[in-house]
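Quick notes on the structure that follows.
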Amino acid sequence: MKQTKYIKKEISYPNEIYKCTTCNNEYNKEDVELNWQCPECDEYILIESYDEETSDITIFIRKRADQLKKGNYIHYYGEMYQVVGVTILDDKKLGKIWIGLKGFTRIEVDVNECVNCVP
Ligand SMILES: [Zn+2]
């Protein structure tokens, strides 16, 4: 199995649970944190988080910033935004990606950064 060692950076939510809805398996964080895809079938892992303070349940997937597509919805600091453009900056040393968000602004993330997306 090919594992890309990209993702060591992500915004974590409390009490995360990791599931593949295709295989019906639940995983530990160590099993999926390299690429946030199912070790069996490569589907994106569905992440459920339960906030004990607010009783909020959040369900999302994690994608590497360069896997985002126009039209995806992402969670960003508690708000949800639609992606209108993804620009991988030419300067490889910088290793940055611009993500344009509808009605908001452009955010800049590292290439090894993961973004929480609406499944
Ligand atoms: Zn699976």
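Around the Cα centre of the chain, unit charges on the Cβ atoms of Lys, Arg, Asp and Glu (plus for the first two, minus for the last two) sum to a dipole of about 760 debye.
Decide, for the range 16-117, between rounded, prolate and oblate: order the square roots of the alpha carbon gyration tensor eigenvalues as a ≥ b ≥ c, take rounded if a/c falls under 1.5, and otherwise choose prolate if a/b is larger than b/c, else oblate. Verdict is oblate for the range 16-117.
Model label points for Val84 and Thr105, set 7 angstrom from Cα along the Cα-to-Cβ axis, are 1.5 nm apart. For the range 38-52, 3J(HN,Hα) computed residue by residue from phi via the Karplus equation (6.51, -1.76, 1.60; θ = phi - 60°) reads 5, x, 8, 10, 6, 5, 5, 6, 7, 10, 10, 10, 10, 8, 5 Hz, glycine and proline entered as x.
Laboratory data are not the source of any read-out in this text; all were calculated from the coordinates shown. Since the structure is predicted, the reported quantities are computational estimates derived from the model, not experimental observations. Methodologically, a virtual Cβ is constructed for each residue, glycine included, from the backbone with ideal geometry; neighbour enumeration extends over all protein chains shown.
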